[in-house]
Structures are given as C-alpha cells and as structure tokens.
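Readers should treat all values here as calculations from the given coordinates under stated rules, not as data from a laboratory. All values derive from a computational prediction rather than experimental measurement. Positions of Cβ are backbone-derived with ideal geometry, glycine not excepted, and every protein chain shown enters the neighbour counts.
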Amino acid sequence: MNVIRENDLLDSIAEALQYISYYHPPDFIQAMASAWEREESQGAKDAMAQILVNSRMAATGRRPICQDTGTANVFIEIGHQARLELSRPLQEVVDDAVRRAYNLDTNPLRASVVVDPFGERKNSGDNTPGMMHVEMVEGDKVSVHVSAKGGGSENKAKFTVLNPSGSVADWVVNTIETLGAGWCPPGILGIGVGGSSDRAMLMAKQSLNDPIDMHELRRRGPSSRTEELRLEIYERVNALGIGAQGLGGVTTVLDVKIRSFPTHAASLPVGLIPNCAATRHVHFDLDGSGPAKLTPPDLAAWPEILLDKANMNSRRINLDELTDDVVASLTPGETLLLNGTLYTGRDAAHKRMVSMLDAGEELPVDLKGKAIYYVGPVDAVGDEVIGPAGPTTSTRMDKFTDRVLGDTGLKIMVGKAERGPVAIEAIKKHKAAYLIAVGGAAYLVSKAIKEAEPVAFQDLGMEAIYRLRVEDMPVTVAVDTEGNSVHQTGPAKWRKAV
C-alpha cells in the first residue's frame, strides 16, 4: 500500500497553485493560437494577440496571468489502496497549501476570498479556505487536480433542471447568449448533465480540467452522443458571433467539455460553468515517492506575436487633457493608447464614494474631467510599480454610474465586458465614454503603468483608490457619448444562422 505523506501533499498543492498562476496549459495556448490565426474580426484578433503575448510574458516572468488569481479549487481522488498519512483534517492541509502559495514573497497572489458572505465580507487575507472536493477511486495513488477560478467567469455559472425531453444544446446556447462578455471569452464551457443538482454543477467544474481536444474531435468526427452534443454546442455558440471579449468574431469558445451521470427518471439537471481566457489548471499524482514534480511547459508552444504592429493604427489619448470634444470623438471599436493620469476604483470604492456624496462630504479625489479604471491589482514585487492589473467586470459598477458621473464630472471609465442599459443611459446622459481593456492580459497591462500611488481608502486593500500614470495603455472604445455599444454592434455583425 502506497503511503502519501502530509507534507508531500501540502508541498505539491502549494507548488501547483504557484505554477498555474503563471503557466497556461499548453493545450489552451495551442487552441488560442489556432483561433487567433483564423480569426477574421480585427478587434477580436487584437484582443487574442494581447492574451497570447500576456501569457508568454507571465510564463517567462513568473507573475500572474490575471490579477484575479481566483479561488483555489482542489479535486482529490484517493485510490482505495493508497493511504494518506495525515495528522489533521484534509481541509486544514489544503488550506495551509493555499496560504503558503498565495503569500509567497516572490510571487504573491491576490487574496479574493471573503470569510462572511452575508455580513462584512471581510477578506480572509490569504485566500483560504480552498474549495476542496474528495472522492475515493480505484487504485493505489492519490490523484490531484488543482485549478484557480476567477470571479468573472465563476459569476456566469448557471443551473437548470430540464424536462427529460428537453434540449441541453438549446438551453446552453440560449444561456450563453445572455451572459455577455464578463466571463472573458474565448474560453472553455464546462457542462454537467444528470445526477442531482449538486452533482451536475460539480461535473461541470471538473470537466474544465479535461484536455482540450476539439480540433481532433472535429477532424475525426463524433463517436458518441456526448461528442455529437459537444460539436453541436461548439458550432452553435461560435455562430452567435460574440467573439473575443464580446467584440464580435468567429471564435467564442475553444472547446466544450461534457460529463454526465445517471439521474432521476423525471429530471434532466444541467450545470454550466465557463472558463475564461485565464484558464488555469494542472494535474499530478502522488505515489508515496515524494512531492509532485511539475515541469515548466516549453516556451516554443507560445507563438511569437508583435503587438507593435497591432498598435500601429491606435490613437494616443492624453488623459490629462480630456475635453468634451476629445471624448465625443471616440467611436465604438476604435483602439486607443492611453497616456497620463488614471485613477483606480471598483465596487467597494464606488459604494463608499456614493455614501460620501449622500452625506454631503467631499470626495478624497477630484474626478472632474478624469478617467477611472475598474481594477484590483496584485501586489508589486521587486522593482515593479504595480503587480498584474487587468480590468474587472464593469457591470458591477452600473448602479453607481449615473451618480458618480453626475456628481463628479468623471469623463471616462475603463473596465471589461459590456455595460447594462442603466449604465449606457447614464453614459449618454452625461456625455461620457466607456473603454475596455482585455481581460486575461493583466501582466501586459501592468507594464503600461509607470507610477502607482494610493490616494484614498487604503483600508480597502486591493480596492483602494490609486493614482496611476500610464504610457500607451491599450484599450478599445466600447460605449461612446451617444450610448452606442460595440458589444451590441460587434456580435450582431458576426452572428451566423445555424
């Protein structure tokens, strides 16, 4: 009987969490590179180029692919002939591994887990607890899948119970059409069919760790009903025209993974969980011989892409000279390079600003004629000005938009994904504009930030307000002063009938 020691398990999980923070799985890079090569929409192609360049930079610099380093998901399969030698509960071992990985000095990862989901939502400070799932299986080893799941894609998880005669494909395609771009496509769709409500969702998440093989499946054709369903959903979702970052294009999903399980005769449970452009996971086995040895991927798997060419037609904007005429000249789909002063502020900062405005208090920063960036960066290390600093999902700020634009004179907002009707109406009303940075390109974006100084709400940690100085930060105009949105016009242009 193989005896797996506690420290070997702990060391392996901690190393895996660091590993996936900066290494994309090679099969994901190959699928993304292939999608980039065949993409016909220039906006989507440029977005995928940034994702690929960011991925290679993260791999060589060993810094997070995305500022949202996610909740730690640990799936442990214990062989029935293996023995775990533990001095304490397994959850405590997993949490110690998460704590060690997320607090590593040389590559600190952002702590995003809050302890009390109902009350103060105080951050645990070390991203614990880990989300652990344990299963007893055949064999004499302990098999572990480790993944990091960001909030943008996790928030788009859906569940339903169809009638037994219902169409899984119809429900998935109709649901994806309503999700917007907050899950940062192109990515992977994980689908669980059958079992119970909890089993379906677990299978959906587990399936996201399966190897990407859609190219091979399309080449050889389906050999089962599950593979037929995968192909159908893949083709129909991509035909929606959503495209990379919701800009419109031919590729929205790189693969569709499906797991199934027997279920009640009266039920057809279906779980859907998307993985974003920061897909991160790794698998290892422990057989008692020591901790896992994770081999870095070959950098030759990453294509050489020069962003200078992609930025040739981008217009430079001076954020310190934002006149009404400049803002009004921005057109949806136009690519820009931002220079000058850019403030940060997301959920907690917006909530506090509105509370101060309600109380008649003066805000600690003057946003008149300025721009704000919805971001919660990773802590800096070494000589970095700031850690990876990609955009967060902007719809969470929609309910604050009218008040902030109206009372502060803010002119530009930068985030990711679409804005809802309330925010678009406020943007139009106040003649402001909304720009998007690429979700999944956090390390690349951080290199455009030359200075970063906390100026307000430091007690909010990564949600504090910073004053940044940026040079040639790449963005795309998403909503102009008339309320026209590229997230509506882009997908409409690339949508196909299936």
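Taking the Cα-to-Cβ direction at residue 362 and at residue 177 and moving 7 Å from each Cα, how far apart do the two end points lie in nm?
Spacing of the two 7 Å Cα→Cβ label points: 5.3 nm.
Which Cys in the chain stand alone, with every other cysteine's Cβ at 4.7 Å or more from theirs?
That list is 66.
As I understand it, the value is the acute angle between the Cα axis of helix 26-38 and the longest principal axis of the Cα atoms of the chain; what does it come to in degrees, rounded to 10?
50
Whose amide H sits under 5 Å from the amide H of residue 258, counting only residues 5 or more places off or on another chain, with H placed in the peptide plane?
191
Under a point spin-label approximation (7 Å from Cα along Cα-to-Cβ), what is the residue 304-residue 165 distance to one decimal in nm?
Once both label points are built, they end up 6.0 nm from each other.
How tilted is helix 197-207 with respect to the longest principal axis of the chain? Cα atoms for both, answer in degrees (0 to 90, nearest 10).
Computed tilt is about 80 degrees.
Are any of the pairs 205/493; 45/496; 122/450; 45/429; 122/411 more than 20 Å apart by Cα-Cα distance, and if so, which?
Violating the 20 Å limit, Cα to Cα: 205/493; 122/450; 45/429; 122/411.
Where the only charges are on Cβ atoms (+1 Lys, Arg; -1 Asp, Glu), what is the dipole of the chain about its Cα centre, to the nearest 20 debye?
Details: 53 positive and 65 negative charges, 193 e Å.
The calculation lands at about 920 debye.
If you compute semi-axes √(5λ) of the Cα gyration tensor in Å for the structure shown, which of (1) 53, 23, 21; (2) 42, 26, 23; (3) 37, 27, 22 do you land on?
Looking at semi-axes √(5λ) of the Cα gyration tensor in Å for this model, the match is (3).
Report, to the nearest 10°, how far helix 168-178 tilts away from the longest principal axis of the Cα atoms in the chain, using its own Cα long axis and a range of 0 to 90°.
Around 20 degrees separate the two axes.
Of 196, 114, 365, which is farthest on the positive side of the dipole of the chain, counting Cα position, with +1 on Lys and Arg Cβ, -1 on Asp and Glu Cβ, and the Cα centre as origin?
Farthest towards the positive pole: 196.
Which FRET efficiency value, to the nearest 0.05, is calculated for residue 289 and residue 136 with the Förster distance at 25 angstrom and r the Cβ-Cβ distance?
0.70
Return the percentage of antiparallel bridges among DSSP beta bridges fully within the chain, rounded to the nearest 5 %. Mind dumping the intermediate values first?
Numbers: 45 of 78 bridges.
The antiparallel proportion sits near 60 percent.
When the helices in the chain are scored as -39500 (n - 2.57) per DSSP H run of 4 or longer and the sum is shared across all residues, what 222 nm value do you end up with, to the nearest 500 deg cm²/dmol? Present the calculation step by step, with values, prior to reporting the outcome.
Values: 16 runs with 165 residues, N = 498.
Only helices count here, giving -10000 deg cm²/dmol.
Across the range 308-445, what fraction of all alpha-carbon pairs, as a whole percent, falls in each successive 5 Å bin from zero upward?
With 5 Å bins starting at 0, P(r) equals 2, 9, 19, 23, 22, 15, 7, 3, 1, 0.
Take the alpha carbon gyration tensor of the range 142-276, find the square roots of its eigenvalues, order them as a ≥ b ≥ c, and report rounded if a/c is under 1.5; if not, report prolate when a/b exceeds b/c, else oblate. Let's see the in-between values first.
Numbers: a/c = 1.30, a/b = 1.24, b/c = 1.05.
Note, shape of the range 142-276 comes out rounded.
As an exercise, use a Förster radius of 41 Å and the Cβ-Cβ distance of residue 316 and residue 496 to find the FRET efficiency, rounded to the nearest 0.05.
Numbers: r = 35 Å, r/R0 = 0.86.
That gives a FRET efficiency of 0.70.
Could you tell me the calculated FRET efficiency between residue 213 and residue 354, based on Cβ-Cβ distance and R0 = 41 angstrom, to the nearest 0.05? Walk me through the numbers on the way to the answer.
Numbers: r = 48 Å, r/R0 = 1.17.
It comes out at approximately 0.30.
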